[in-house]
């Protein structure tokens with residue numbers, strides 16, 4: 001693994017209650033990191049990293065849900081692709097609805113990832129493929145605004161009712177898009193009580209980190225309009241609109 005060289009210290013300034021977690025997808029076994037000594041679902045690996053507070057990696061033998069499937073470590077069971085699970089768990093009206101989601105679920109090519117390493121930011125020693133943040137809405141607003149600060153791109157949240165791990169880990173990794181999901185809105189994570197409800201999970205792929213870090217260093221985190229109160233905001237709004245009208249006359 002390539003040693004960490006990206007300066008991620010700006011994320012410490014956000015003072016997250018739950019520490020950010022770096023994730024690395026690997027073909028070969030990582031050196032100098034211990035293997036997880038138990039089995040967990042893929043979605044819970046971030047929480048394990050936050051609680052353990054030291055780096056670890058896992059293999060398909062350590063994953064006890066369908067995470068190994070989206071990682072391309074194992075084949076998708078026929079009964080899953082047939083939609084039987086979603087119907088029996090009463091998530092979907094019929095198997096046909098559950099079956100349809102498999103055309104959308106992002107998965108890695110089989111055999112390309114055999115190990116996944118995770119570490120909290122404080123102990124991160126490798127360049128992460130993903131940085132996963134567990135944020136309050138106000139913290140998430142700052143990070144997502146940093147994403148669009150210099151590009152104007154929209155904020156998108158993409159997931160399905162099940163297989164939330166695919167959207168939390170695989171989708172941003174393969175698409176290069178920042179994704180965010182709200183805890184409490186995914187079947188498996190809810191049933192297993194993985195996350196407390198109402199937090200924003202933001203998954204940032206490696207190729208977006210530099211831009212977000214740069215913008216976090218340039219922009220105001222707390223906008224004046226957020227801090228001055230409702231009445232003063234309306235006063236500011238009036239002044240700003242008046243200025244814009246004047247500037248737009250006779251260009």
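The values are calculated or read from the model by the stated rules, or taken from the named source; none is laboratory data. All of these numbers come straight from a predicted model, not from anything done at the bench. Please note: Cβ atoms are built from the backbone with ideal geometry, for glycine as well, and neighbour counts cover all protein chains shown.
Is one or more of the residues making up the range 235-245 in contact (Cβ under 8 Å) with a residue 40 or more places away in the chain, surrounded by fewer than 19 Cβ atoms within 10 Å (Cβ to Cβ) and out of contact with any strand residue (DSSP E or B) (no Cβ under 8 Å at 6 or more places or on another chain)? No, the range 235-245 contains no residue that is in contact (Cβ under 8 Å) with a residue 40 or more places away in the chain, surrounded by fewer than 19 Cβ atoms within 10 Å (Cβ to Cβ) and out of contact with any strand residue (DSSP E or B) (no Cβ under 8 Å at 6 or more places or on another chain).
For the structure I just gave you, tell me whether residue 198 is touching a helix residue (DSSP H, G or I) at 6+ places or on another chain (Cβ under 9 Å), exposed (fewer than 13 other Cβ atoms within 10 Å of the Cβ) and not in a helix (DSSP H, G or I). So residue 198 fits the description; yes. When residue 51 is evaluated against the numbered criteria (1) under 25 Å from residue 209 (Cβ atoms); (2) surrounded by fewer than 17 Cβ atoms within 10 Å (Cβ to Cβ); (3) touching a residue at least 24 places away in the same chain (Cβ under 8 Å), which criterion, by number, is the only one it fails? Condition (3) is where residue 51 drops out.
Within the range 173-194, can one find any residue that is modelled with pLDDT of 95 or more, under 12 Å from the mean Cα position of the chain (by Cα) and in a helix (DSSP H, G or I)?
Taking every residue of the range 173-194 in turn, at least one turns out to be modelled with pLDDT of 95 or more, under 12 Å from the mean Cα position of the chain (by Cα) and in a helix (DSSP H, G or I).
Here residue 89 meets each of (1) more than 25 Å from the chain's Cα centre (by Cα); (2) loosely packed, with under 13 Cβ neighbours inside 10 Å with one exception, condition (2). For residue 125, the conditions (1) free of Cβ contacts under 8 Å to residues at least 40 places away in the same chain; (2) surrounded by fewer than 20 Cβ atoms within 10 Å (Cβ to Cβ); (3) touching a strand residue (DSSP E or B) at 6+ places or on another chain (Cβ under 7 Å) are fulfilled apart from (1). Residue 227 meets all of the listed conditions (1) assigned by TED's automatic domain parsing to the domain that holds residue 166; (2) within 22 Å of residue 15 (Cβ to Cβ) but one, namely (1).
Scanning the range 28-61 for residues that are part of a helix (DSSP H, G or I) and either over 23 Å from residue 196 (Cα atoms) or outside the structural domain of residue 113 (by TED's automatic domain parsing) (or both) gives 60, 61. Across the range 1-16, the qualifying residues are those that are part of a loop (DSSP other than H, G, I, E, B) and touching a helix residue (DSSP H, G or I) at 6+ places or on another chain (Cβ under 9 Å), and the one among them that is surrounded by the fewest Cβ atoms within 10 Å (Cβ to Cβ) is 15. Residue 141 meets each of the listed conditions (1) under 29 Å from residue 222 (Cα atoms); (2) surrounded by 14 or more Cβ atoms within 10 Å (Cβ to Cβ); (3) in contact with a helix residue (DSSP H, G or I) (Cβ under 8 Å, 6 or more places away or on another chain) apart from (3).
Being over 30 Å from residue 110 (Cβ atoms), crowded, with 17+ Cβ neighbours inside 10 Å and either assigned by TED's automatic domain parsing to the domain that holds residue 118 or touching a residue at least 24 places away in the same chain (Cβ under 8 Å) (or both) is not true of residue 25. For the range 212-228, a residue qualifies if it is within 22 Å of residue 130 (Cβ to Cβ) and either buried (at least 17 other Cβ atoms within 10 Å of the Cβ) or in contact with a helix residue (DSSP H, G or I) (Cβ under 7 Å, 6 or more places away or on another chain) (or both), and the qualifying residues are 212, 213, 215, 216, 217.
Yes or no: residue 150 closer than 28 Å to residue 7 by Cβ and assigned to a loop (DSSP other than H, G, I, E, B)?
Yes, satisfied.
Counting only helices (runs of 4 or more DSSP H) wholly contained in the range 63-117, the ones carrying 2 or more residues that are within 23 Å of residue 23 (Cβ to Cβ), assigned by TED's automatic domain parsing to the domain that holds residue 188 and touching a helix residue (DSSP H, G or I) at 6+ places or on another chain (Cβ under 6 Å) occupy 67-70.
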